[in-house]
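Written out below as structure tokens is the structure these notes cover.
The values are calculated or read from the model by the stated rules, or taken from the named source; none is laboratory data. This structure is a prediction, so every number in the text was calculated from the model and none was measured. Note that each Cβ is placed from the backbone with ideal geometry, even for glycine, and that neighbours are counted across all protein chains shown. All accessible areas refer to the heavy atoms of the entire protein, side chains included, with ligands and DNA or RNA removed. Shrake-Rupley method; radii C 1.70, N 1.55, O 1.52, S 1.80 Å.
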Amino acid sequence: MCVFLFQSSLHVFVCLLGLVVLCHSQCFFEELEVKDPNNPPKGCVDKDGKLHDFDSAWVRDCMDCSCTSEGLSCCSKIPDANTVDVPEECELVVNEKACSVKVVMKSDNEKECSPI
């Protein structure tokens, strides 16, 4: 019974961590600029100058981006370490290659933190 409760608690903790990551991500929005009403834009241009079609989505530099007729929006897949509450015995570890984050024990970064 105790193992089941621990696994359930751990599952809830991981799900809540995912929500925290989504809620504490850095986002930006760039409104679509129409320079010539007779020649409207066909999509959004990213920071590298690449044109993305309307209603498209992509990931670049750990940012989830999308283009709509309103403009370009991007949100970081990695939360700002200053905005995530991490237990004192734990630390937030960022893997920028995989665009992922995990909370691990400071004493052993191979062990993920548990809520108990």
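Numerical summary
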{"read-out": "Label-reachable residues, the range 57-82, where backbone N falls under 16 Å from a point 7 Å from residue 99's Cα toward its Cβ", "value": "57-67, 73-80"}
{"read-out": "Other-chain or far-sequence residues with amide H under 5 Å of residue 100's (modelled H)", "value": "95"}
{"read-out": "Near-label residues of the range 57-72 by backbone N, under 16 Å of a point 7 Å along Cα→Cβ of residue 39", "value": "none"}
{"read-out": "J(HN,Hα) series, the range 51-60, from Karplus relation 6.51 cos²θ - 1.76 cosθ + 1.60, nearest Hz, glycine and proline x", "value": "7, 10, 5, 4, 6, 10, 9, 7, 10, 8"}
{"read-out": "Sequence-distant residues sharing a close amide H with residue 45 (under 5 Å, placed H)", "value": "52"}
{"read-out": "Extension gain, residue 109 back to residue 61 (0.36 nm per residue minus Cα-Cα distance, nm)", "value": "14.8 nm"}
{"read-out": "Difference of contour (0.36 nm per residue) and Cα-Cα distance, residue 32 to residue 88", "value": "15.8 nm"}
{"read-out": "Accessible surface of the range 50-116 [probe 1.4 Å, protein heavy atoms]: carbon and sulfur percent", "value": "45"}
